[in-house]
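The values are calculated or read from the model by the stated rules, or taken from the named source; none is laboratory data. Worth saying up front: this structure is predicted, and the values here are computed from it rather than measured. Cβ: placed from backbone, ideal geometry, glycine included. Neighbour counts: every protein chain shown.
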Amino acid sequence: MLVRKLESWARQQPHALAAAQDDTHLTYSQFVALIAGFQASLPEEARSGASTAVILTRDLLDGWTMSLAVRSLGWDAVVVQNPELLPALELTNVGIVLVEAALHGTVMKAGRRITGTAKVLAMPSRAAHLGETSSPRMSAAFGSQILYTTGTTGRHKKVLMPGEQEDRRNAARALSFGVTQGTVALTNLPPYCGAGFKTPSSVWHAGGAVVFDDGLDLQRNLELHGVNCVLAGPQQLRSLVAARPLPDSLRHSFEIVFTSGPLPLDLASRAADLLSRRIRVYYGATEIICQPLGAWFASVDDLIWLQPETGRNIVVLREGGEACRDGEEGTLAIGLQDIDAQGYLDDLQATSRFFRDGYFVPGDRAMRRADGRIRILGRESDVINLRGQKLSVLPIEQALQAYLAAEEVCIFAEMNERGEEEVLVAVRIARNIRAEEMREMTARFLPFDLVRFARLSHFPKSEGAFGKTLRSELRRLLIAARPGPG
């Protein structure tokens, strides 16, 4: 279990940095003592648990410390940043809800609508427990962590990370990512999402350090903590590229680990020029412990065609379940290992849909190349059907995004009020799109009879760490804005 590993590192390297956030810098011995201090702040009836503890906090370090504190006492833990999200998670068997001071008024005002019958407790102040030297209490069974997806499909899927598998999970992920005792990772991802939970866990397992920074102030953390690994999704990487330029002495001194979505060539090129040439691109899933597909960025080929993880069985399937030929489009299926999730918590319907015959089937279209590399073509739900032909929209969206240097492009196909098939193209871009650009894009990338472009400054986004586009909501907005028949 992770807390035992932290205690071991506290004995071996008591003064080594374990975690940092803002002005708080915790050595391994201080981190372990802070976990014990958080435990000691709990009332006696909460110091042993056999159900779920909800931790309502926006503070990343406090969320981690409280999670480890209650899990060591036998509670399963889930961190939630927005109290209004709690009912939508449909958690069962919740025993306590720990609330940070900044959210306490909101939770008390909402009352049982949010917390149900669980006992509501105030989270301890980190400052009150810094400097303590006690050791955490440990139950016979280490509790599990509950992660959840961002709900872009309309419902959050919950993933259980069992406590008894923690050491094996963390060791496997550390090996897969090359995490060592010298790793200093920078992140602003919360511990309810896959990368936000699995990466810090593996870094601490290996004896490295994790720096939490909501603003991802890269230069400050490079200089202050010697950060050598930055965890980023599309939203985070765009912010880093747009921030103040790094001095030459700091550029290329760290690795960027990119996950949660396709990486556009223009963004990858700017990041390689302004930040670091060492960029690893991964296709990841909350349900899978080690990233199943990845590549080091050297050319556009590495952004499109990813290498399967060594020892991982990954196939592309036809509708009937047979394996596709090289170059044939089909459904991605990822062979499960025993440390991966085997289903969703309290959701048999979603489990039967996405976990099949020893495979996780995430709902992505894909294609295998003769050399074994795999290209992700987009979601199954993002396939458009025009004139009886199914087309994956992601390659077209990527081409249009590169042509316009746009932030994002989404494509949909709908039947309009005149009964005609129409392609709707939503473009997130600050400037206007010229008429000649629309004609050129239609001729080169959109060989359809009816194409309508819509320029938007913002796309509707999920509340998750990566801020994924809510495509169903965007589609609804486009259809509502479509001119009527006339």
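Of note:
- Residue that is surrounded by the fewest Cβ atoms within 10 Å (Cβ to Cβ), among those in the range 345-372 that are of a type in the set (A, V, I, L, M) and assigned to a helix (DSSP H, G or I): Leu348
- Applying the set (1) over 24 Å from the mean Cα position of the chain (by Cα); (2) farther than 23 Å from Val159 by Cα; (3) among the hydrophobic types (A, V, I, L, M, F, W, C) to Leu103 leaves exactly one unmet item: (1).
- Looking only at residues of the range 322-344 that are touching a residue at least 40 places away in the same chain (Cβ under 8 Å) and part of a strand (DSSP E or B), we find that the one that is surrounded by the most Cβ atoms within 10 Å (Cβ to Cβ) is Leu332.
- Test: residue in the range 195-214 that is in a loop (DSSP other than H, G, I, E, B), closer than 30 Å to Pro395 by Cα and aliphatic (A, V, I, L, M): no
- Residue in the range 172-188 that is of a type in the set (D, E, K, R), in a helix (DSSP H, G or I) and under 19 Å from Met66 (Cα atoms) present: no
- Of all residues in the range 1-18, those that are in the same structural domain as Gln30 (by TED's automatic domain parsing) and closer than 12 Å to Ser135 by Cα have Cβ atoms under 9 Å from Cβ atoms of residues that are basic (Lys, Arg) and part of a helix (DSSP H, G or I), 6 or more apart or on another chain, in Val3/Arg71.
- Per-region count, the range 63-79, residues in a helix (DSSP H, G or I) and in contact with a helix residue (DSSP H, G or I) (Cβ under 6 Å, 6 or more places away or on another chain): 5
- The range 227-240 residues that are farther than 14 Å from Val281 by Cα, paired with ones that are charged (D, E, K, R) and outside any helix (DSSP H, G or I) (beta carbon under 8 Å, 6 or more apart): Asn228/Glu255; Arg238/Glu407
- Residue in the range 233-241 that is more than 11 Å from the chain's Cα centre (by Cα) and not in a helix (DSSP H, G or I) present: no
- Only one entry of Ile304, Ile289 meets the criterion of being of a type in the set (Val, Ile, Thr), within 19 Å of Ala268 (Cα to Cα) and within 23 Å of the chain's Cα centre (by Cα), and that entry is Ile304.
- Thr187 being under 22 Å from Leu274 (Cα atoms) and in the same structural domain as Lys157 (by TED's automatic domain parsing): yes
- Criterion (basic (Lys, Arg), surrounded by 14 or more Cβ atoms within 10 Å (Cβ to Cβ) and in a loop (DSSP other than H, G, I, E, B)) met by exactly one of Arg280, Arg312: Arg312
- Only listed residue being surrounded by 17 or more Cβ atoms within 10 Å (Cβ to Cβ) and of a type in the set (Lys, Arg), chosen from Arg113, Arg126: Arg126
Each row is one residue, and each column tells you yes or no for (1) under 19 Å from Ser176 (Cα atoms); (2) modelled with pLDDT under 95.
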{"position": "Ala209", "(1), (2)": "yes, no"}
{"position": "Asn221", "(1), (2)": "no, no"}
{"position": "Gly226", "(1), (2)": "no, no"}
{"position": "Leu231", "(1), (2)": "yes, no"}
{"position": "Ala243", "(1), (2)": "no, yes"}
{"position": "Ser260", "(1), (2)": "yes, yes"}
{"position": "Ser269", "(1), (2)": "no, yes"}
{"position": "Leu275", "(1), (2)": "no, no"}
{"position": "Arg280", "(1), (2)": "yes, no"}
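- Looking across the range 80-119, the residues that are closer than 23 Å to Leu147 by Cβ, touching a strand residue (DSSP E or B) at 6+ places or on another chain (Cβ under 7 Å) and not in a helix (DSSP H, G or I) come down to Val80, Leu91, Asn93, Val94, Gly95, Ile96, Val97, Leu98, Val99, Glu100, Gly116, Ala118.
- Among the candidates Glu414, Glu380, residue that is modelled with pLDDT under 90 and either crowded, with 20+ Cβ neighbours inside 10 Å or farther than 30 Å from Leu237 by Cα (or both): Glu414
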